[in-house]
1. Considering only the stretch 236-245, I want to know if a residue exists there that is under 21 Å from residue 190 (Cα atoms), more than 10 Å from the chain's Cα centre (by Cα) and touching a residue at least 24 places away in the same chain (Cβ under 8 Å).
2. Working only within the stretch 211-224, note down all residues that are of a type in the set (Gly, Ala, Ser) and assigned to a loop (DSSP other than H, G, I, E, B).
3. Filter the stretch 239-263 for residues that are small (Gly, Ala, Ser) and either at pLDDT 95 or above or open to solvent by 10 Å² or more (accessible area, probe 1.4 Å) (or both) and give the result.
4. Taking only the stretch 179-210 into account, find how many residues are charged (D, E, K, R) and not in a helix (DSSP H, G or I).
5. Given the condition within 20 Å of residue 258 (Cα to Cα) and at pLDDT 95 or above, answer yes or no: does some residue in the stretch 95-108 qualify?
6. Are any residues in the stretch 225-266 part of a helix (DSSP H, G or I) and of a type in the set (Ser, Thr, Tyr), and if so, which ones?
7. Of all residues in the stretch 179-200, count the ones that are of a type outside the set (Val, Ile, Thr) and open to solvent by less than 40 Å² (accessible area, probe 1.4 Å).
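The values are calculated or read from the model by the stated rules, or taken from the named source; none is laboratory data. Every value quoted in this text rests on a predicted model; they were computed, and no experiment measured them. Quick reminder, even Gly has a Cβ in these numbers, built from the backbone with ideal geometry, and neighbours come from all protein chains shown. When the accessible area is computed, the model is the full protein with side chains, heavy atoms only, and any ligands, DNA or RNA have been set aside. Shrake-Rupley method; radii C 1.70, N 1.55, O 1.52, S 1.80 Å.
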Amino acid sequence: MPLRLSRPDKVANKGAAFRTGTQHRLLLSFKDSIKHVRHNPMMSTQDTITTAAAPFKVYGHELSSRLLLGTAQYPSPKILSDAVLASNAGVITVSLRREGARAKSGQQFWDLIKSLNLPVLPNTAGCRTPREAITTAQMARELFETNWIKLEVIANDDTLQPDLFGLVEAAEELTKDGFNVFPYTTEDLGAAERLIGVGCDVLMPWGAPIGTGRGLNNPYGLQTMRAYFPGVPLIIDAGIGAPSHAAQVMELGYDAVLLNTAVSKAADPALMARAFAGAIDAGRLGYEAGLMEQRDMASPSTPVAGTPFFNLEGTGSKS
């Protein structure tokens with residue numbers, strides 16, 4: 001909405017028109033300052049507005065975006081391609097188990113993924129044991145020609161909660177085998193320390209169970225994890241359902257968001273992908289700018305003392 005300034009002779013103060021010249025001069029001065037911001041040729045857009053958050057690195061690779069996007073459950077290959085392009089994703093994730101079972105269509109999917117020209121993060125989705133996850137990771141490395149692996153070892157079929165014991169076991173062996181492991185974990189600090197101890201340079205705690213779209217079930221725990229590991233890249237993985245959830249993640253100081261279902265199941269996946277890209281940038285910029293501290297009591301944003309409109313009826317000025 002454009003800025004609208006009321007004419008001084010039309011502004012009422014407790015039923016009376018302005019009769020002093022002070023307010024008029026202040027209003028004109030305010031107009032001049034607006035013109036200066038809008039029309040000053042020496043002031044570039046970058047001087048007033050930053051439009052993208054700073055990039056970050058994982059395993060020595062600088063990502064072009066803080067959004068990692070999954071490729072499952074899209075209505076068609078074209079919609080998937082459109083959504084990935086609209087998201088400006090820095091990484092796309094793929095499931096070896098899903099695509100490997102499709103034979104010819106799996107090859108077509110891989111051709112589509114390669115055409116997007118983005119870093120690929122294979123995952124071990126659906127694996128229930130460390131050995132199963134390790135074998136899947138080794139097959140993924142051969143097929144997708146990358147040492148990156150999003151490691152999932154699932155403990156429960158209803159919640160799809162990570163098996164933290166099996167996760168650490170698999171992460172240790174894969175790291176020794178030369179993999180760069182992205183472990184799907186929880187906000188458990190003990191498990192996080194063990195994962196870092198066996199060689200993981202990044203942690204991927206869940207926000208909520210996979211596919212629920214509930215957002216952050218335990219923001220306090222996630223905030224604690226961020227404070228406990230200030231130098232470790234943290235990426236929220238799973239449970240994100242709305243752009244506002246992604247913005248909240250970034251405002252907590254997390255480095256990136258990985259999501260899939262919130263985009264693939266949207267009525268318009270490409271448009272939703274754009275919404276998430278904007279929300280992630282906005283949340284990160286807010287974090288970098290420094291969010292105000294929350295208060296228990298109200299605090300006026302405009303103090304009474306010293307303001308130019310103080311005690312207008314007592315000025316004694318006459319028209």
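1. There is at least one residue in the stretch 236-245 that is under 21 Å from residue 190 (Cα atoms), more than 10 Å from the chain's Cα centre (by Cα) and touching a residue at least 24 places away in the same chain (Cβ under 8 Å).
2. Across the stretch 211-224, the qualifying residues are 211, 213, 215.
3. 241, 242, 244, 246, 247, 253, 256, 262
4. Residues flagged as charged (D, E, K, R) and not in a helix (DSSP H, G or I) within the stretch 179-210 amount to 3.
5. No: the stretch 95-108 contains no residue that is within 20 Å of residue 258 (Cα to Cα) and at pLDDT 95 or above.
6. Matches in the stretch 225-266: 228, 244, 261, 264.
7. 10
For (1) in contact (Cβ under 8 Å) with a residue 12 or more places away in the chain; (2) closer than 19 Å to residue 273 by Cα; (3) exposed (fewer than 15 other Cβ atoms within 10 Å of the Cβ), each residue gets a yes or a no:
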{"site": "72", "(1), (2), (3)": "yes, yes, no"}
{"site": "142", "(1), (2), (3)": "no, no, yes"}
{"site": "148", "(1), (2), (3)": "yes, no, no"}
{"site": "165", "(1), (2), (3)": "no, no, yes"}
